[in-house]
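Okay, so here's the structure we're looking at.
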Amino acid sequence: MSTNPDSKKSNSGTLLPFLALLCSQLFTSSWHVLGKHVMGQVPYLAPISYVLLRTLVSSLFLLLVGNIHEGHVPFPPLFRDNQPIHRLQVGLLKPSSSASLSSSGNSVGLSLSKPNSDSSLNGVFNGSNKKVEDPQSLSSSHKLHHHHRPRRKKVLRPTFKSYAAAVAIRSIIPSLRNILFTFKIYQQQMKNLNPETIQIIFAGLSGMLLLPTFYTTGLIMTSPTVASVWDGPMIPLGCFCAAVTLGLEKMSELYPFGQVGSLLLAVGGSIVVLLVDYLGGGHGIGGGDDEAKDIEGSNSGVNEHMQFIQGNMVLMGVVASYSATALLQKRLNHYPPIQLTGWMFAIGFIGCFTLLLLDSILGSRITGCTLGQAIFQLYIALTTSPTFRYGILYAAFFVSGTTMSISSYASSHLESSVITLFAATQPPITAVLEWIWEGKGLGWKKLG
């Protein structure tokens, strides 16, 4: 019995996204353990500084590989017609009808024709325009004007206030006109924005800036197991709720209760893992009952408990940012996956750089780190810690670049909720890697 080669090709094509997603989860889970160790080597390094370097290296790497493998693809324009600046300049340079002056006449509105003015001047100089009058009438009129001389009219000279008001009005009116015209053009161009470009920008900011910032901060404050829970099983629930609420995906008509039940089961298992890790001392408080009793009444123990709770609150941002990125990538699946991911990392780097620059002006009120401090911290870390150098290359090439490119590729074959469902494999993989690399006991041993 012969087999159809087309069916084999279709089966391999359907299995490839699943295998790629499993490989990406392996890279991500390994960074849960390695990232904790790498960031521990440079405790002075702020998470936002690490994100700045990671997004820069990942964007350069992916754009280079994308141009070689997929060919050059231009970034989509921000506006559909791509002529907002030209229209604005033409409108601003167009003179108003009220400001146009007539080529003939004077400043007060008196129109003088050239032939009449020339003839009158010639008549004055030639004497042809003089009127011959009776001497008697001249003498009588002279007397009349002598006895009844008209009074001189008082000339009202403008004051400084009136002059300043006139100048202000003349300067304000054109400025208001330009502002209103600019606002009108702005309203028109807001309708001409390219929605795909806006989606790429938001995907880059959420997935390449907010996601690693939340994750790195939460990883430092908690443990690899806790970070893998929020970066794993919690993500499918967040993505599913967001997709159904926004109407981007529909619930299964055949097995709706099974779909929701499986998600709730994953979340319940995640909560159990969190409690086990917390009671077992994997959150940084200490590993053992005797040690926990020794620090139970101390201020340091309370602070570490609060740090664990705050770290979990920070890791909630991982779920929101990853879910938004997955949903946006699904709507952009017609772009080449590698270059799309490179654009997103470049946007994340620009956003991170702008945020640090703004924080330099505001005095470290947003991120707690200025641009100068971030560059100095990176310089010290790169020159003094070989572990950080190798770790940042592994994170940029494999954890960020390869994983996000696989996610962009899989979004063209699978639904967003299915892609995020693979994140549920991270906690067991992370626990096994912790046991292999660091010798830590598994979850059931922590309960004992």
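Here, each number is a calculation from the coordinates, and none is a lab measurement. Quick caveat, the model's predicted, so the values are computed rather than measured. We place every Cβ from the backbone using ideal geometry, glycine too, and count neighbours over all the protein chains shown.
Using per-residue counts of other Cβ atoms within 10 Å, averaged over each peptide, order 229-241, 309-321, 175-187, 393-405 from highest down. Walk me through the numbers on the way to the answer.
Details: 229-241: 25.2, 309-321: 18.9, 175-187: 11.7, 393-405: 21.2.
Final packing ranking: 229-241, 393-405, 309-321, 175-187.
For region 303-448, calculate the relative contact order in percent as a whole number, restricting contacts to Cα pairs under 8 Å that are 6 or more residues apart.
28
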- Query: Taking H as built 1.01 Å from N, whose amide H comes closer than 5 Å to the amide H of Phe79, not counting residues under 5 places away?
  - Reply: Asn194
